[in-house]
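S.K.: Here it is, the structure, as structure tokens.
The values are calculated or read from the model by the stated rules, or taken from the named source; none is laboratory data. Here the structure is a predicted model, which means the values were calculated and not measured. Backbone-built Cβ (ideal geometry, glycine too); neighbour counts: all protein chains shown. Side chains included, ligands, DNA and RNA excluded: accessible areas come from the protein's heavy atoms. Shrake-Rupley method; radii C 1.70, N 1.55, O 1.52, S 1.80 Å.
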Amino acid sequence: MIEVSDMEFSIPVELPLDADGFIRRECPHCEQKFKWHSGPANAEAEQQPAPETYYCPLCGQPAGLDSWWTREQLEYAEEAATPTIMEAMDAEVDKMFKGVKSTNIKVTRTGRLHTPEPPMPITEPNDMVIVTSPCHAWEPIKVPEERTGRLHCLLCGAAFAV
Ligand SMILES: [Zn+2]
Ligand SMILES: [Zn+2]
């Protein structure tokens, strides 16, 4: 779920997960792709507090929770939210016109804002391999097969090998 904010509007947009429940992520530092599990992956994960920072499994650099969207996800979320934003703005313009009251002037609204069609849904292929770190084993990640070897724990950044 991503929140698209535009002025006072905040629109939740559903993003696709792969068949194992993982969401694609892009590191803001090294721009490499990996995946993390969307929501707690198991009962043990449910007991853990939600972290505010995640570490890139590939380069080990930390970033805030909201820094890992892929370019495709951001573009999709913006497109998906646009019709809702336009409809809300259209309703606002209607209200403004209703607020124009004068006995001598008659104001009528003729045009509507152009509301674009929602985008085609994006799909998430079930690629990459699942790995877990020895220190935070309840938080599985997926990395490209050719990138296994030296990795970093998503939660604490500790290096480990698979
Ligand atoms: Zn990285
Ligand atoms: Zn760890």
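S.K.: Could you give me the ³J(HN,Hα) list for region 58-73, computed from phi with Karplus coefficients 6.51, -1.76, 1.60 and θ = phi - 60°, whole Hz, x at Gly and Pro?
M.R.: 9, 10, x, 7, x, 7, x, 3, 9, 9, 10, 5, 7, 4, 4, 5
S.K.: Accessible area per residue, 1.4 Å probe, Å², for the chain: what's the number?
M.R.: On the way: 9940 Å² over 162 residues.
Accessible area per residue, the chain: 61 Å².
S.K.: Something else about it: Have a look at 52, 78, 124 and tell me which one the Gaussian network model of the chain (Cα, springs below 10 Å) gives the largest fluctuation.
M.R.: 52
S.K.: If you take the charge dipole of the chain about its Cα centre, with +1 on Lys and Arg Cβ and -1 on Asp and Glu Cβ, which of 114, 83, 141 is farthest toward its positive end?
M.R.: My answer, from the dipole projection, is 114.
S.K.: Hey, what number do you get for the chain at 222 nm if only DSSP H runs of n ≥ 4 count, each worth -39500 (n - 2.57), divided across all residues, to the nearest 500?
M.R.: Values: 2 runs with 33 residues, N = 162.
Using -39500 (n - 2.57) per qualifying helix, the result is -7000 deg cm²/dmol.
S.K.: Given contacts defined as C-alpha pairs under 8 Å and at least six residues apart, what's the relative contact order of the chain, whole-number percent?
M.R.: Numbers: 251 pairs, mean separation 46.4, N = 162.
Reported as a whole number, the value is 29 percent.
S.K.: Summarise the accessible area of region 2-161 (1.4 Å probe, protein heavy atoms) by the percent that is carbon and sulfur. Walk me through the intermediate numbers first.
M.R.: On the way: 5100 of 9730 Å².
Solvent-exposed carbon and sulfur of region 2-161 make up 52 percent of the total.
S.K.: Something else now. Placing +1 at every Lys and Arg Cβ and -1 at every Asp and Glu Cβ, with all other atoms neutral, what dipole size does region 32-103 have around its Cα centre, in debye to the nearest 20? Please report the intermediate quantities before stating the final value.
M.R.: Working: 6 positive and 12 negative charges, 29 e Å.
With Lys and Arg at +1 and Asp and Glu at -1, about 140 debye.
S.K.: Amide H of residue 160: which non-local residues (sequence gap of 5 or more, or other chain) have their own amide H closer than 5 Å, using H built in the peptide plane?
M.R.: For residue 160, the qualifying residues are 151, 152, 153.
S.K.: So, one more: Given just the C-alpha atoms of region 18-162, how large is their convex hull per residue in cubic angstrom? Let's see the in-between values first.
M.R.: Values: hull volume 21.8 nm³, N = 145.
Once divided by residue count, the hull of region 18-162 is 150 Å³.
S.K.: Whole-Hz ³J(HN,Hα) for each residue in region 35-46, computed from phi via Karplus 6.51 cos²θ - 1.76 cosθ + 1.60 with θ = phi - 60°, x for glycine and proline: what do you get?
M.R.: 9, 10, 6, 7, x, x, 7, 6, 4, 5, 5, 5
S.K.: If I build a Gaussian network model for the chain, linking alpha-carbon pairs within less than 10 angstrom, which residue out of 122, 85, 11 has the largest mean-square fluctuation?
M.R.: Result: 122 has the largest fluctuation of those listed.
S.K.: Work out from phi, with θ = phi - 60° and the Karplus expression 6.51 cos²θ - 1.76 cosθ + 1.60, the ³J(HN,Hα) of each residue of region 11-19, listed in order in whole Hz, and give x for Gly and Pro.
M.R.: Per residue, the Karplus-derived 3J(HN,Hα) values read 10, x, 10, 7, 10, x, 9, 7, 4 Hz.
S.K.: Sticking with this one: Run down the lysines and flag those whose C-alpha is under 20 Å from the C-alpha of residue 95, throwing out any fewer than 8 positions away in its chain.
M.R.: Correct list for residue 95: 106.
S.K.: Using modelled amide H (1.01 Å from N, peptide plane; none on Pro or chain starts), what sits under 5 Å from the amide H of residue 25, excluding residues fewer than 5 places away?
M.R.: Those qualifying (amide H under 5 Å, at least 5 residues apart or on another chain) are 34, 35, 36.
S.K.: Rounded to whole Å, give me the distance from the Cα center of region 120-162 to that of region 48-82.
M.R.: If you average the Cα positions of each part, the centres end up 15 Å apart.
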